[in-house]
Amino acid sequence: MSFRHPEALLALLLLALPLWWHRRRRVALPPYSFSALFLLRRSESETRLRRWQDPLLLALRLALVALLVLLMADPQPPRATLPTTRLSLALVLDDSFSMRRLEGRESVWQRTLDRAQGEVAKLPPASECSLLLGGSPPRALAVRRPCAWVRKRLRALATHAPSRGDGLLAAYRQAQHIVDASSLHERRVLVLSDWAAHVDFPTSAAQPRQGMALRFERTCERAKQENAFIESALLEARSAGAGMRSLRVRLNPGRAERLVLRGSSGFSWAAASLSGQREIVLRLPEEALRAPHPAAWLELEGNDDLADDDRFPLLLREEPALQVWVLNGAPSANPNEDEVHRFMRALLLAPRERGRFQLRSVQAAELERLQADHADVLVLANVRSLDARLREQVLSFVEGGGGLFFTLGEQVEARRASAEWQALLPARLQPSLGMPTARPLWTEGAALALGSEASSLDGTRIQRYFPLSPLDKTAQSLFRLEAGTALWVWRKQGRGRVALLATTLDDAWNELPFRPGDLPWMSRFVRALAGDPRFPRRAEVPGTRLHLPRLAGVSVMEVIDPRGGSRVFTLERQAALNLDTQTEIGPYRVRVGPSARELHEERRLAFTLAAPPRESLLKPGRVPPSSTPPAGPGRIEQAASDTPSPYLPFLLFGLLLLWLGEAWMRPKAENRGSA
């Protein structure tokens with residue numbers, strides 16, 4: 001037991017007052033002579049009563065004084081049994097891929113769940129708890145729910161596999177808003193993570209709010225500096241000779257000893273020993289690309305604590321060619337003098353390491369099938385005009401993710417083109433200008449961001465162009481003239497991109513085709529204009545939003561995950577199926593058809609999800625400092641000090657009984673004294 005005001009116990013010295021008063025009442029009387037003993041009978045009975053009444057009255061008065069002193073000292077129960085007020089706790093769990101690693105026989109994720117269970121179990125009765133995962137995107141699994149309900153959710157998370165956790169900071173800020181909205185005085189936020197170097201959590205974010213305690217804990221013991229994992233794998237488009245193909249693999253070797261490529265049936269297609277290399281080229285037979293199902297696995301063999309990133313899924317199939325449609329507004333009878341012919345030949349001669357181009361020269365009427373035939377880029381070269389119906393088709397194509405490239409020339413009228421293509425053009429056209437002296441071209445930073453090849457076009461002479469004014473607010477200038485006038489601009493439009501070259505595609509108005517860097521730059525630019533590929537081409541990380549295009553005649557799509565589970569989607573008016581909930585690492589198959597009973601395998605739509613390479617770096621990072629708010633209405637200790645002592649009712653009841661007993665005994669003692 002403790003006392004809130006222990007100095008009040010000095011008042012126990014007042015117990016001497018009743019003792020002194022009772023000693024003072026006991027006065028020695030002189031002896032008297034009696035003639036008869038029967039006169040002492042009454043005095044004998046009074047003396048017998050006095051022997052027990054006086055000590056009882058003294059005890060009552062001493063107890064009365066002692067209880068008054070205890071009331072002033074305010075006794076408190078032991079600290080271990082101190083009743084606490086209800087509080088609101090928000091748990092934020094790191095959902096990053098690195099939480100899968102093992103420490104002994106237990107994963108860091110399981111250790112984090114056990115730590116969270118222990119924290120919830122210590123909460124006072126009737127408290128509220130929130131549970132959030134810092135994945136991508138962050139998810140709130142419980143918002144101010146009873147503790148028993150949250151413990152049940154934590155047990156269910158034992159089967160959850162962390163996949164991607166770049167949303168820890170967003171989940172933490174969401175947790176702050178949740179506990180801020182609580183009506184309880186005591187509020188806490190606890191963030192549990194391995195705090196690896198990939199965790200993006202600035203120290204400035206760990207600022208406490210009024211009445212809120214923040215704690216950041218590392219739930220792993222050993223710091224892992226090295227971990228073997230595969231970063232990427234690219235099947236090169238060109239042949240490696242003798243019926244072989246090259247697969248270029250980038251990896252962090254760690255302690256791995258061997259790299260093996262296995263097909264979906266487990267057959268080993270290629271293997272290589274590792275001795276610290278960060279890039280390996282595997283040679284595999286082309287028959288591997290003709291397997292019934294294109295899924296395969298790259299596997300690292302060796303001792304490693306994070307085994308899930310030692311397997312990398314990929315699709316052994318020909319990369320779908322980039323579909324480029326070209327509409328020529330002024331075709332020439334001589335192919336060598338045709339600007340579109342030169343442009344198409346340049347793309348066909350581009351390096352094929354990043355995939356090949358499939359070019360198609362089209363007529364205006366064929367633009368109605370832009371989306372149905374899954375074109376990636378449309379080039380309108382020196383086109384005078386298109387009717388409204390076809391312009392709507394082009395707009396829908398760009399909004400859905402396609403790329404549109406305008407090039408100008410003699411056939412284009414500035415006012416008419418600006419009016420017809422107002423919804424798409426990144427700048428308004430002014431009438432063309434011819435210059436007596438050609439002006440040089442200069443590269444902007446936006447072009448250099450696409451590729452260093454752009455700098456090789458510096459100084460190219462431009463004889464004639466269409467001034468662009470004003471530029472759209474979202475447009476970026478890729479190239480400009482020396483006077484600062486933009487010549488080549490682009491911008492995003494919906495999910496697609498639109499670019500405008502204010503001069504000709506050939507050498508009629510400029511010297512671009514004669515520059516050595518024109519071919520690699522044009523290849524790089526057209527690929528960037530295509531944006532996200534229509535068909536999946538590379539391994540994505542869990543949580544990425546995928547767009548699977550709807551093929552002609554398809555109304556139902558079935559997505560089969562690596563474990564064999566399937567989800568069926570019915571497409572009504574959607575041009576594509578959007579997926580953003582897949583988290584299982586591995587190859588996914590896609591079956592399509594006009595109905596659920598007529599499904600067939602579609603190899604072009606198959607895709608893979610791989611471990612995020614950034615989250616496989618296990619180097620320990622910094623843990624933000626925990627903080628506790630200053631003493632105030634939000635602290636449990638202060639709340640306990642404002643709570644009346646649990647002993648107060650008993651002390652008051654005892655005080656009342658003693659006072660009644662003393663009041664009943666006092667008159668009798670006074671009457672005997674007067675007698």
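The values are calculated or read from the model by the stated rules, or taken from the named source; none is laboratory data. Only a predicted model underlies this, so the values are computations on that prediction, with no experimental measurement involved. Cβ coordinates were reconstructed from backbone atoms using ideal geometry, including for glycine residues, and neighbour counts include every protein chain displayed. Surface accessibility is based on the protein's heavy atoms, side chains included, excluding ligands, DNA and RNA. Shrake-Rupley method; radii C 1.70, N 1.55, O 1.52, S 1.80 Å.
Side notes on the structure shown:
- The C-beta contact set for segment 155-166 (first residue assigned to a loop (DSSP other than H, G, I, E, B), second residue of a type in the set (Lys, Arg), distance under 7 angstrom, 6+ apart or interchain) comprises 161/100; 162/100.
- The condition of being at pLDDT 90 or above and assigned to a loop (DSSP other than H, G, I, E, B) does not hold for residue 404.
- The sole residue among 57, 37, 29 that is modelled with pLDDT of 65 or more and either in the same structural domain as residue 656 (by TED's automatic domain parsing) or farther than 23 Å from residue 660 by Cβ (or both) is 57.
- Scanning segment 95-145 for residues that are among the aliphatic types (A, V, I, L, M), touching an Asp or Glu at 6+ places or on another chain (Cβ under 7 Å) and surrounded by 20 or more Cβ atoms within 10 Å (Cβ to Cβ) gives 99, 108, 133.
- Filter result for the condition that a residue is in contact with a helix residue (DSSP H, G or I) (Cβ under 6 Å, 6 or more places away or on another chain) and at pLDDT 75 or above, over 13, 67: 67
- Options 419, 423: the member that is without any contact (Cβ under 8 Å) to a residue 40 or more places away in the chain and either out of contact with any strand residue (DSSP E or B) (no Cβ under 9 Å at 6 or more places or on another chain) or outside the structural domain of residue 510 (by TED's automatic domain parsing) (or both): 419
- Any hit, segment 197-211, residues being open to solvent by 40 Å² or more (accessible area, probe 1.4 Å), within 19 Å of the chain's Cα centre (by Cα), within 18 Å of residue 625 (Cβ to Cβ) and hydroxyl-bearing (Ser, Thr, Tyr): yes
- Subset of segment 407-427 (residues that are assigned to a helix (DSSP H, G or I) and either more than 43 Å from the chain's Cα centre (by Cα) or closer than 17 Å to residue 496 by Cα (or both)): 414, 415, 416, 417, 419
- Among residues of segment 428-453, those that are closer than 19 Å to residue 476 by Cβ, open to solvent by less than 40 Å² (accessible area, probe 1.4 Å) and part of a strand (DSSP E or B), counted: 3
Yes/no matrix, rows are residues, columns are (1) closer than 30 Å to residue 537 by Cβ; (2) open to solvent by 70 Å² or more (accessible area, probe 1.4 Å); (3) modelled with pLDDT of 85 or more; (4) not in a loop (DSSP other than H, G, I, E, B):
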site: 622; (1), (2), (3), (4): no, yes, yes, no
site: 633; (1), (2), (3), (4): no, yes, no, no
site: 639; (1), (2), (3), (4): no, no, no, yes
site: 643; (1), (2), (3), (4): no, no, no, no
site: 650; (1), (2), (3), (4): no, yes, no, yes
site: 666; (1), (2), (3), (4): no, yes, no, yes
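- Residue count for segment 281-294 under the criterion of being open to solvent by 60 Å² or more (accessible area, probe 1.4 Å) and either aliphatic (A, V, I, L, M) or at pLDDT 85 or above (or both): the result is 2.
- For segment 235-263, the tally of residues that are at pLDDT below 85 and open to solvent by 50 Å² or more (accessible area, probe 1.4 Å) stands at 4.
- Being among the aliphatic types (A, V, I, L, M), touching a Ser or Thr at 6+ places or on another chain (Cβ under 6 Å) and open to solvent by less than 10 Å² (accessible area, probe 1.4 Å) is true of residue 326.
- No other residue among 505, 551 is assigned to a loop (DSSP other than H, G, I, E, B) and crowded, with 22+ Cβ neighbours inside 10 Å apart from 505.
- Scanning segment 264-280 turns up no residue that is charged (D, E, K, R) and surrounded by 15 or more Cβ atoms within 10 Å (Cβ to Cβ).
- Conditions (1) out of contact with any Asp or Glu (no Cβ under 8 Å at 6 or more places or on another chain); (2) of a type in the set (Ser, Thr, Tyr); (3) in contact (Cβ under 8 Å) with a residue 60 or more places away in the chain; number of the one not met by residue 204: (3)
- Among residues of segment 169-181 that are open to solvent by 20 Å² or more (accessible area, probe 1.4 Å), those with a beta-carbon under 8 Å from a residue that is among the acidic types (Asp, Glu) at least six positions away or on a different chain give the pairs 169/200.
- In the set 551, 512, 571, 579, only one residue is under 30 Å from residue 382 (Cβ atoms) and outside the structural domain of residue 265 (by TED's automatic domain parsing); that residue is 512.
- Search result, residues across segment 232-283 that are more than 24 Å from residue 614 (Cα to Cα) and outside any strand (DSSP E or B): 242, 243, 264, 265, 266, 267
- Residues (open to solvent by 50 Å² or more (accessible area, probe 1.4 Å) and touching a Ser or Thr at 6+ places or on another chain (Cβ under 9 Å)) located in segment 568-585: 570, 572, 575, 580, 583, 584
- Residues satisfying the stated conditions in segment 295-321, i.e. closer than 22 Å to residue 589 by Cα, modelled with pLDDT of 80 or more and open to solvent by less than 20 Å² (accessible area, probe 1.4 Å): 295, 296, 298, 309, 310, 312, 313, 314, 316
- Each residue in segment 331-354 was checked for being open to solvent by 40 Å² or more (accessible area, probe 1.4 Å) and modelled with pLDDT of 70 or more, and 7 pass.
- Verdict on residue 471 being of a type outside the set (Ser, Thr, Tyr) and open to solvent by less than 10 Å² (accessible area, probe 1.4 Å): no
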